[in-house]
C-alpha cells in the first residue's frame, strides 16, 4: 500500500487488539488473538511504512470477557502497553485506540501516545 499512495499521505492500519477470549474454553482448544499477538504485528509495521496502528477489539462472541470492564480505559491501556513495548525496542509507530470518540466529554483524556493530557479540538 505504501508504494501506491503519495509519500506524504499517512498510512493507518486498524486491527483487533484482542478478541477477549483469553482463558476461555475456546481459547484453550483453538487459541485466540490477544495483545501479545498484536504486539508481534506492531513490531513489523514501521518497516512496512505504516504510520499509525489503530486498535479495537472484537465483540461478536457471547463468551468474551468484557463484564465490568471500563471500555474507555480498556482500549487506552492496551494502546499504551503496545506503544511502550515497541518504543522500548526503538521502533516509531503511533498508536490509536477506538471507543466513544463522538462524545465531547471524553475527548480531553490522556493520550496513549503522550504522558501528558491530549490537546484535542473539535474538527467538524
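If you go through region 50-59 one residue at a time, do you hit one that is assigned to a loop (DSSP other than H, G, I, E, B) and at pLDDT 90 or above?
yes
Do we have any residue at all in region 99-116 that's at pLDDT 55 or above, part of a helix (DSSP H, G or I) and closer than 23 Å to residue 11 by Cα?
no
Is there any pair linking a residue in region 24-39 that is within 19 Å of residue 78 (Cβ to Cβ) to one that is modelled with pLDDT under 85 and not in a loop (DSSP other than H, G, I, E, B), with Cβ under 8 Å and at least six apart or on different chains, and which?
Sorted first by the residue in region 24-39, then by its partner, the pairs are 32/26.
Please specify each residue of region 12-49 satisfying the condition of being part of a loop (DSSP other than H, G, I, E, B) and either in contact with a helix residue (DSSP H, G or I) (Cβ under 6 Å, 6 or more places away or on another chain) or modelled with pLDDT under 85 (or both).
Listed by number, the residues that qualify are 17, 18, 19, 20, 21, 22, 23, 24, 31, 32, 33, 49.
Looking only at residues that are under 17 Å from residue 92 (Cα atoms) and out of contact with any strand residue (DSSP E or B) (no Cβ under 6 Å at 6 or more places or on another chain) in region 11-43, which one is surrounded by the most Cβ atoms within 10 Å (Cβ to Cβ)?
Here is the first cut: in region 11-43, the residues under 17 Å from residue 92 (Cα atoms) are 11-14, 38-43.
Adding the requirement that they be out of contact with any strand residue (DSSP E or B) (no Cβ under 6 Å at 6 or more places or on another chain) leaves 11, 38-41, 43.
Numbers: 11: 14, 38: 23, 39: 18, 40: 9, 41: 15, 43: 15.
Residue satisfying both the conditions and the ranking: 38.
Can you tell me how many residues in region 78-93 are exposed (fewer than 14 other Cβ atoms within 10 Å of the Cβ) and under 12 Å from residue 57 (Cβ atoms)?
Final tally of qualifying residues: 0.
The values are calculated or read from the model by the stated rules, or taken from the named source; none is laboratory data. The structure presented is a predicted model; accordingly, all values stated were derived computationally and were not measured. Note that each Cβ is placed from the backbone with ideal geometry, even for glycine, and that neighbours are counted across all protein chains shown.
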